[in-house]
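These notes concern the structure reproduced below.
The values are calculated or read from the model by the stated rules, or taken from the named source; none is laboratory data. What you see is a predicted model, and the numbers here were worked out from it, not measured in a lab. Virtual Cβ from ideal backbone geometry, glycine too; neighbours counted across all protein chains shown.
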Amino acid sequence: MNPVPEVDDAVVQLLEEVTPGASKIEQLCELLCGLALIGMIALIGAEAFARNLFNISLQITDEIGGYLFVAVSFLSLSVAEAHGAFHRVELVQARLSPRVRLISQIGFDLIALAASVILTWQLGRLVLNSWRSEDVAPTPLLTLLWLPQLSMPIGMAILCAALVRTILAKARRLQPEARL
C-alpha cells in the first residue's frame, strides 16, 4: 500500500494555472463582504457600548447583523471560487495524474454549477414571492424581507459565473496545445 503522496509544488502550480483569478465582480463582492464585516463589528461594538454604559439596547443588532451575515455568506462564494479556495478533495486529487485531476475537477465543477443554478432559480423565486406578498420581518424595523433576501440569488448567480469561468479555464488547459 502506497502512502498518500505529498502535494508537491507542481500540484499547487497546476491549481493556480487553472484558477482564473478574481474578476472585477469578484473583487467588488470581496469589497462588499469586507465592508459588511466592518459594519457588523461596528454594530456589535455599539450594542456592547450602549448596554454596558447606558443599560439600553439598540434593538436592531441581531436583525441587521443577521442580514449582513447572510450577505457575506452568499457574496463570498464567488470570491472563494475565484481564488481556488472552494470545494477540493485534495486527498483524492493528489493521487491522480494531472490530466485526470483536471477532468475530475471539471466534473465536480459541473455538478457544483448544476446545483448552483438550481439554488439561484429557487432563491430568485423566494425573493420574488417575498416581494409580491410584501412580506416584512416581525421586528421593530419591519424590514421588507425581499431586500436582505436579494443577496442570496445575486451571490449564487455570481458563483455560477465564476464556476463557468473556472470550467472554461480548466477545459482550455486540457487542450493538446495547452499541455505543451
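Do we find that L96 is of a type in the set (A, V, I, L, M) and outside any helix (DSSP H, G or I) in this structure? Criteria met by L96. Each residue in the stretch 54-93 was checked for being assigned to a loop (DSSP other than H, G, I, E, B) and within 18 Å of V117 (Cα to Cα), and 2 of them qualify.
Determine whether L110 is more than 17 Å from M152 (Cβ to Cβ) and in contact with a helix residue (DSSP H, G or I) (Cβ under 9 Å, 6 or more places away or on another chain). Yes: the conditions hold for L110. Candidates are the residues of the stretch 134-180 that are charged (D, E, K, R) and assigned to a helix (DSSP H, G or I); the one that is modelled with the lowest pLDDT is E177.
Is it true that L91 is surrounded by 13 or more Cβ atoms within 10 Å (Cβ to Cβ) and of a type in the set (A, V, I, L, M)? Criteria not met by L91. Test R51 against the stated conditions and say whether it is among the charged types (D, E, K, R), assigned to a helix (DSSP H, G or I), at pLDDT below 95 and within 21 Å of Q175 (Cα to Cα). So R51 does not fit the description; no.
Of the residues making up the stretch 50-74, those that are among the hydrophobic types (A, V, I, L, M, F, W, C) and farther than 21 Å from L141 by Cα are L53, F54, F74. Selection of the stretch 128-146 for residues being without any contact (Cβ under 8 Å) to a residue 40 or more places away in the chain and out of contact with any Ser or Thr (no Cβ under 6 Å at 6 or more places or on another chain) yields L128, N129, S130, W131, R132, S133, E134, D135, V136, P138, L142, L144.
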